[in-house]
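Structure record follows, encoded as structure tokens.
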Amino acid sequence: MIQPADKLEPVIRVVDLTKSFGETRVLRGVNLEVYPGETMVIMGGSGCGKSTLLRHMIGSLTPDSGRVEMFGHDICSVSLGQLDEIRKRFGVLFQSGALLNSLTVGENVALPLKEHRQLDAATIDIIVRIKLNLVSMRHAIDRMPAEISGGMKKRAGLARAIALDPEVLFYDEPSAGLDPVTSTQIDQLMMDLSGKLGVTTLVVTHEMDSAFRIADRMCMLDAGVILKVGPRSEFEAIRDGEPTGDETTDLIRQFLRGDASGPLTRRQVGVEFEADILQAGER
């Protein structure tokens, strides 16, 4: 991995990003930089805002304030035509694989090539087979999504995500719903592709085993706020160390370890109890 210390310009820059849905503030001034060739893992508990952050990065949500820059362009202010051109430079693997059920695996992978490249059918077929071979799915080219397992759907979705030779790959909970062995295989595949293709990788997950396998740098998000960004080694030190008495560090430590008690659970219990009392008083 190329380290940020090399003074490279970030591929992705998130600046003071805020987002609310109704009265719920989901992102509260998020700042983050992702550098060429690295694997950045964004982690946090359910509802912390990590998937919302990802959706802003791929241009499917517009922030209330702040901006997201990719390849030097503010994707929040460019035209739809310019955004479409930027989107051709990155690929996304969604949680379920998001395959079209009416198309075969091969047809799913071919779809972005047919939409965005002026290629003849024979050339597209060759490219599809190459991409499927990269994810060990060439044997399933003629199968329908209903005929393959969850792990195979994710592999096929990944083949489609790399069909246009992207510079950046986004993964939304790539290990969700998979057994431990398949999850490890997907992690290994992600690392292999990063090495072979030289892409910048951003992964959103709450699976800690996966996060520590694949990350170069890690970002901890909590209640819409980034608590810490740093090399994997710094998070390993927090995970393996003793409680410090610092609320933020100990909260990160509890999440990384999956401990049943700590700042996260104390806060959850307090909020639930307070809400219950307030509701009782209104009856």
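Observations on the model:
- HN-Hα J in Hz across the stretch 151-165 - Karplus 6.51, -1.76, 1.60, θ = phi - 60°, x for Gly and Pro: x, 5, 4, 5, 5, 5, x, 5, 4, 5, 5, 9, 4, 9, 6
- Normalised by residue number, the volume inside the convex hull of the Cα atoms of the stretch 57-211 is 127 Å³ per residue.
- Local net charge near Asp250, Cβ-Cβ under 11 Å (Lys/Arg +1, Asp/Glu -1): -1
- DSSP beta bridge pairing in the chain, given as percent antiparallel to the nearest 5: 55 percent
- Most to least packed among 21-29, 113-121 [average Cβ atoms within 10 Å]: 21-29, 113-121
- Diffusion coefficient, µm² s⁻¹, Stokes-Einstein with Kirkwood Rh over alpha-carbon pairs of the chain at 25 °C and 0.890 mPa s: 121 µm²/s
- Crossing angle, helix 247-257 versus the chain [Cα axis fit, 0-90 degrees, rounded to tens]: 50 degrees
- Nonlocal amide H pairs with Asp222, under 5 Å, H built at 1.01 Å: Leu227
- Estimated distance in nm for a label pair at Glu147 and Lys88, the labels positioned 7 Å out from Cα along Cα-to-Cβ: 3.3 nm
- Every pair of different Cα atoms in the stretch 18-59 enters the Kirkwood calculation, which places the hydrodynamic radius at 11.6 Å.
- Over 23 Å (Cα to Cα) - which of Lys19/Lys154; Lys131/Lys153; Lys88/Lys196; Lys88/Lys228; Lys114/Lys154; Lys153/Lys228 fall in this group: Lys19/Lys154; Lys88/Lys228; Lys153/Lys228
- Coordinate range along principal axes, alpha carbons of the stretch 163-226, Å, largest first: 35, 27, 19
Computed from the coordinates by the stated procedures, all read-outs in this text should not be read as laboratory data. Keep in mind that this is a model prediction, so the values were computed, not measured. Counting neighbours? That spans all protein chains shown, and the Cβs are built from the backbone with ideal geometry, glycine included.
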